[in-house]
Amino acid sequence: MDLALIPNGVQRCSLKRFLPWMLLWSLVVAWGLVSAFLCFYKGLNQTNMNHYFAFGLWITFDLSLIALGAGAFFTGFLTHIIGKEDLKAIINAAVVIGFICYSAAIAMLGVDIGQPLRGWFIFWHANVHSMLTEVSFCITAYLGVLTIEYLPLIFSNRKLNEIREFSIFGDNLHRTMAVFAAAGTFLSFFHQGSLGGLFGVLFARPFAFREGFLIWPWTFFLFILSSIAAGPSFTLLCVWVAKKVTGKELVKRGVFNMLAKISGWLLTAYIILKILDTISWAYGVVPRAGLSFMDFYEGPYGIWLMIAEIGIFGIIPAIILITPRLRERNGLLIIGALMNITGIALNRFAFTIQTLTIPVMPFDVFMSYFPTWQEWGIALGAVGYGILLFSLSYRYLPLFPQEAELNPVKVLGKAVTDSGLVQRR
Amino acid sequence: MKKEEKASGTRYAMVIDLDACTGCGVCVVACASENNIPVMFDESDKTRNITWIQIYILANGKGFPETQLIYIPRPCMQCGNPPCVPVCPVTATRKDPNTGIVSQIYTRCIGCRYCMAACPYQARDFNWFDPSFPEGMDRYLSPEVSPRMRGVVEKCTFCHHRLMRAKAKAYTEGRRYLKEDEYIPACAQACPAKAITFGDPNNPAHMVSELIKGPYVFRLLERLGTEPKVYYISTKHWVRRMADNYLSGEFSTLRSQLE
């Protein structure tokens, strides 16, 4: 029924199989939409956040999504600016994943603020001293860049490409993509950094506070580095999952290797700097605030969290991903990438939740928090939205340029480049 | 900001004598009544109710007969270096350079709660619910203070509207200065134990300027650099010890210096 929309040279499952898959994730999105409606209608009392937990699951998810979405700008930077031609095989997927992560993060932020209708005040009454202002400006602008990067891909859909205007517009955009890749890189460096700065500037929260360089706390630079370490791993993982779900080779194995290698070396650099940062924090900020290192690791958020973040989900994946012998084994490659993104998500969790959970006043109480079904609904709804959009993009857009070559369509046992099942015009 | 403050001279501060405080809670009631603080359907939920001045109960941890309890009323510290002000993305909170009072613009606040994350004193409250007042209570709302809508952050303002009122009165009388007792927040006025003293420490005529020089004066979390303008007095060293975080041995050094 939708054969006319499917890219040339590739095969897709039947609508009968595709629709139940879409329905499943649509239900998850519906859960998110119901939750969002309740939050808009009844207010943020629908969550388990409180005066102690001003930020909760959504901010943790937002920070993680934005870090993982960094694969888009960084792959764009490597492809268009540095000239890593091999990554052209994955750049389209990276752009779609980036678009999903950023649009989902912005949508979640829209629910998370108490007065969503005043969201535009950030641009109108902007406080230039606030890291959150910089984050808001840059992620909004970058979502625009991602949309521009996504458009040529949408216009390359077979039916849309038949419309001359779309075709010309898409081609022209495609030719200027290096400019947008550069703009995206610039914007991303700043908002990834500002997300780290968001916590690093909290001088009255010793867990989060960091010294730094000029106006930028060290977390500014660590967040940039960790996002470009996690981004390629997340892109790799998404493509791997797509490969498993579709049962097709989507990119050559060498592309995975390259992503893993880049991710691994960046993660190694990040982990070294993170360890140095933790040591300097433990011997600088912490005693100056009259606290000892272990004061920050109480209750459910014990020292295991730091061991997990830096040791298990930091050092181990770094070793796996930088060692050619290890990353060439499929199982270890995926475990390495998964552990890498888990470690970065744990880092975002610690900065969001642990910062708030540790009482600063000595007589204040230690709090813990668990999200409500509405909070889970919105967070998982964002995941569902991502899977829906990625599935649609995969089905109807030429997402993987190497797919046709890697999966020749066979008609009566003979490989053909065009499926032959679909007449082009 | 500091230059401006120096130029204007005035910086309002509060001194709370913890040895005098009985923990009766009248300051909390007076504050709620003065500032149109809504009544939640479950006021026992202290993590979500609105209290501009909250009373913490501290114990020395010793058994009978050496048990000691003390109450610490905690309004907004009106910090000289407020951690909440620079982080607000929409400039909805600012420190008045002429008075040092940190205010909140409710109609501009977008409810991102970043200021709450920045404040170590838990002095900022978010309106998780629509404001509600029991039947008849709405007739007692103060016309000088705007009630806050759901989804915004609010905090103690040192009853800033009283300052406005006092200034207007002084203006009509042709004065450019305020007398010490002309501007006092509701909590200080209502305290039956006279534990709360309010005024301008930079003005030698004001009692607070003397009180803050006392040997038993301390502020909460002073070493974080927030420069709070709420001072406490307690002769009990265990209370002063609990006002801030100290590494082992640090506080006893301070104590020996004091004694």
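Bear in mind these aren't lab numbers, they're just calculated from the coordinates by the rules spelled out. Here the structure is a predicted model, which is why all the values come from computation and not from measurement. Don't worry about glycine lacking a Cβ; one is built from the backbone with ideal geometry, like all the others, and counts go over all protein chains shown.
Figures for the structure shown
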quantity	calculated
For the stretch B:96-166: Kirkwood Rh in Å [reciprocal of mean 1/r, alpha carbons]	13.8
Chain B, Cα convex hull volume normalised per residue, Å³	156
Dmax and Rg, reported as Rg then Dmax, of the stretch A:8-95 (C-alpha, Å)	19.5, 56
Cα Rg, Dmax, the stretch A:55-372, angstrom units	20.3, 69
Residue order, fewest to most beta carbons within 10 Å, for B:ASP17, A:ASP112	B:ASP17, A:ASP112
Fewest-first sequence of B:PHE41, A:PHE73, A:PHE220 by Cβ atoms within 10 Å of each Cβ	B:PHE41, A:PHE220, A:PHE73
Leading residue at positive end of dipole, the stretch B:10-121 (Cβ point charges), from B:VAL26, B:VAL39, B:THR93	B:THR93
Distant-in-sequence amide H partners of A:LYS84 (H built 1.01 Å from N, under 5 Å)	A:THR79
Average partner coverage of A:195-205, which counts Cβ from other chains inside 10 Å	4
Kyte-Doolittle mean at least 1.6 and Cα axial length at least 30 Å: DSSP H helices in chain A	A:88-112
Å³ per residue enclosed by the Cα convex hull of the stretch B:19-150	153
Residue order, fewest to most surrounding Cβ atoms within 10 angstrom, among A:TRP304, A:TRP281	A:TRP304, A:TRP281
Entries of A:LYS84/A:LYS252; B:LYS155/B:LYS236; A:LYS88/A:LYS243 with Cα pairs more than 19 Å apart	B:LYS155/B:LYS236
Net charge dipole size for the protein assembly as shown [Lys, Arg +1 and Asp, Glu -1 on Cβ; Debye, nearest 20]	1500
Pairwise Cα inverse-distance average, inverted: Kirkwood Rh of the protein assembly as shown (Å)	27.8
Dimensionless Rg/Rh of the stretch B:150-218 - Kirkwood Rh, Rg from C-alpha atoms	1.04
